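The values are calculated or read from the model by the stated rules, or taken from the named source; none is laboratory data. Because the structure is a prediction, the values reported are computed rather than measured. A quick note on method: Cβ atoms are made from the backbone with ideal geometry, for glycine too, and the neighbour counts reach across all protein chains shown. Heads up: the accessible areas ignore ligands, DNA and RNA and are worked out on the full protein's heavy atoms, side chains in. Shrake-Rupley method; radii C 1.70, N 1.55, O 1.52, S 1.80 Å.
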Amino acid sequence: MDNEYLSTLFEEIFNKLTIPILAVDENFIITTFNNDFIQKYGSSDEEKSFILNLISTKDQKKVKNELVLLFNSRKEQSFLHNITINDFNNNSVEVDIEMNFLDKTGELLINFYEVVSEDLDEVYQKYKTIFNNTNDALFLIDVTEDNDLVYDLLNPIHEKLTGLKTEQVKGKTPQDLLGEEVGAQVENKYRKCLNQKGTISYEEKLDLPNGTKYWLTKLSPVIIDGKVTKIIGSAKDITQMKEQRDEIEYISFHDQLTGLYNRRFYDEKVKEIEEERKFPVTIIVGDLNGLKITNDVFGHEAGDGLLKLTAEILKNSTRRKDYLVRWGGDEFCIIAPETNFKEGKEILDRINKRTGNSNFRDIPVSIALGLATKKSTEQSLSIIFNEAEENMYRNKERQKEKFNNRLLQSLLTKLEKSNYYVVDHSQRMVDLAAEFAAKFDFPDNKKDRLMKAIKVHDIGKLALDQEMLKQKTEFSNEQLNKFKKHPEYSYKIINNFKSFHRITSDIIHHHEHWDGSGYPDNLEGKNIPRLSRIIAVIDTFDALTFKGVNHELALDYFNTSMSDEDALNKIKEYKGVYFDPEVVNKFEEIITE
């Protein structure tokens, strides 16, 4: 398209618009007007007509100032209300004018909108009806001659939602209504709207008669002759939305189980600390001991309880400014800002002191800890974390044997407390095993292994329903199937202790049968470990001769006991079926001596 065509097209559109429009150059000279302007306000035959000649004397200064401002600032748009013009037909007309700066031509297009004269009372009633019947909570703020901001009016919806009444707030400042601190914060928002002469929006939390709520507030200035005379405010109750949003944010940055911060928060906080460049910063890394065995013995619900208790210990051992993070699984991390190595060591010592005095279901609480401190910008927090983690693993290895001994003793003590039959049963078996080993000249290492296995062979019963073990009636099929799991539980528990690894096979197979009908693996004959075959005979004998000990051959005798002779005959009855014939024969020698 050529320029001549575009010029013709523009002129055609310009003249068909049904809004009176004229154009003014930077010297305030009218360069053109459209047909609608000519029809309504006439035209001038003068070669140069000044726009100000159209404006009434009382409004000329205001319009001139706005024109100067627009041409100097290249501002795109401006409005002036209730301007009186004396048109080319010598008529006095009240108009609103809209001025738009044209960047390409450097001119102003001025649109004229006639002000329709209405009865003031009718106008007031119309706007009052809208104000009072809208579904939005509206309030009106009056800007006094002294530039004070006072409440003027609340609509019914606002009164319903907030519990405030117009008669209570009228003429009061925000400080009068909300107190000095909150009132000053609210007034600052109102003054921002006043000074900017523009609409603003923000969220705020206010304690009002109908309760503490979150609001999305929007303020719009009412401008008359370039001056803000009132502010119209609308408020939307966003309490539920804010709580949901806060909950989502909480979930995204917190560990659901312990309430501590999570790995995502750690990553964000580390970036923030690196940017702030405030040093020193100490990182403490912790690894909870015994979580796996707690899960194995008591179930994951108990493991969760141990993690929660650990989180509480960490909270009680740290300061308000520290950030506690559950890194994942059994790992924790503490970010201690503006904390040197010595201060970090004090935190670590408090944690150790508290864990040393804590137990969960008779299981000792123990956390292996390591720390490292960032002292300068040259050090990366990721490297500091790795250093703290390495220190933690070194401490964990040093503490391992001591903790494992303490843990095993705690488990055996718990077994004794929960089922005294089991402990007496194990001790009697130890005595019989000692006789067996002595009678047949077991070497010391084999004897020690047998004693060790017998002491812990029933530890898996901790994972069973303790009330089931104490019941004085025969097991149901379902209960019997659960009972038969205890050798596997014993294996899982003992497998956590390195010094017991050699006897795990002896423990898990002590209920296997010579004919392959036992559990858990249906081993038969000499495929069953020899010590397991010995434990099986001693275990059965004690169960038959002392009431209250659970055993598949003793279920009919749970509430009674057999004589040694009857028990031995019962075992001989199952020789070659349940029991190794050789072991039964040797055991008979001990009992009949």
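Determine the distance separating the Cα centre of the stretch 319-351 from the Cα centre of the stretch 159-201; give it in Å without decimals.
Measuring centre to centre over Cα atoms gives 43 Å.
Limiting things to C-alpha atoms, what are the Rg and the maximum Cα-Cα separation (Dmax) for the stretch 183-264, in angstroms?
For the stretch 183-264, the Cα radius of gyration and maximum Cα-Cα distance read 17.8, 61 Å.
Roll a 1.4 Å probe over the protein chains and send me the accessible area per residue for the chain in Å².
Per-residue accessible area for the chain comes out at 54 Å².
Which order, highest average first, do 524-536, 186-198 follow once you tally other Cβ atoms within 10 Å for each residue and take the mean per peptide?
The packing order, highest mean first, is 524-536, 186-198.
Once phi is turned into θ = phi - 60°, what whole-Hz ³J(HN,Hα) does the Karplus curve with 6.51, -1.76 and 1.60 give for every residue of the stretch 519-529, x standing for Gly and Pro?
Computed from phi, the couplings for the stretch 519-529 are 9, x, 10, 6, 5, 9, x, 7, 6, 7, x Hz.
Roughly how tilted is helix 420-439, in degrees to the nearest 10 and between 0 and 90, from the longest Cα axis of the chain?
Compared with the principal axis, the helix lies near 40 degrees.
In whole angstrom, and with the biggest value first, how far do the Cα coordinates of the chain range along each principal axis?
Projected onto the principal axes, the Cα atoms of the chain cover 144, 59, 56 Å.
May I ask you to evaluate 6.51 cos²θ - 1.76 cosθ + 1.60, the Karplus curve with θ = phi - 60°, for each residue of the stretch 561-566 and list the ³J(HN,Hα) values in order in whole Hz, giving x for glycine and proline?
For the stretch 561-566, the Karplus curve yields 9, 9, 6, 4, 5, 5 Hz.
What angle, in degrees between 0 and 90 and rounded to the nearest 10, separates the Cα long axis of helix 300-317 from the longest principal axis of the Cα atoms of the chain?
60 degrees
Quantify, in whole percent, the carbon and sulfur part of the accessible surface of the chain (1.4 Å probe; protein heavy atoms only).
So the carbon and sulfur contribution to the accessible surface is 46 percent.
I need the peptides 351-360, 485-494 ranked by packing, meaning the mean over residues of other C-beta atoms within 10 angstrom, with the highest value on top.
Put in order of decreasing packing, that is 485-494, 351-360.
Sum up the charges of everything whose Cβ sits under 10 Å from the Cβ of T373, counting Lys and Arg as +1 and Asp and Glu as -1, but leave T373 out.
Net of charged neighbours comes to +2.
In sequence order, what are the phi-derived ³J(HN,Hα) couplings for the stretch 164-173 according to the Karplus relation 6.51 cos²θ - 1.76 cosθ + 1.60 with θ = phi - 60°, rounded to whole Hz, with x for glycine and proline?
7, 10, 3, 5, 7, 9, 4, x, 9, 7
By how many degrees, between 0 and 90 and to the nearest 10, does the Cα long axis of helix 57-73 differ from the longest principal axis of the chain?
For helix 57-73, the angle is close to 50 degrees.
Report the local net charge at S426: Lys and Arg +1, Asp and Glu -1, summed over other residues whose C-beta lies under 13 Å from its C-beta.
Computed value for this residue: -2.
Quick one: which of K61/K218; K58/K172; K308/K485; K414/K452 span more than 25 angstrom between C-alpha atoms?
Pairs exceeding the cut-off: K61/K218; K58/K172; K308/K485.
Could you give the length gained on full extension between F279 and E346, defined as 0.36 nm per residue of separation minus the Cα-Cα distance, in nm?
Going from the current span to full extension adds 22.3 nm.
Using only the Cα atoms, what convex hull volume per residue in Å³ does the stretch 332-404 have?
Taking only Cα atoms, the stretch 332-404 has a hull volume of 90 Å³ per residue.
Among 246-254, 449-457, how do they line up by average Cβ neighbours within 10 Å per residue, starting with the highest?
Result, highest mean Cβ count within 10 Å first: 449-457, 246-254.
Assigning unit charges at the beta carbon (Lys, Arg +1; Asp, Glu -1) and nothing else, what dipole magnitude in debye, to the nearest 20, does the chain show about its Cα centre?
2840 debye
Under the Kirkwood approximation for Rh and a Cα-based Rg, what ratio Rg/Rh is obtained for the stretch 276-404?
0.99
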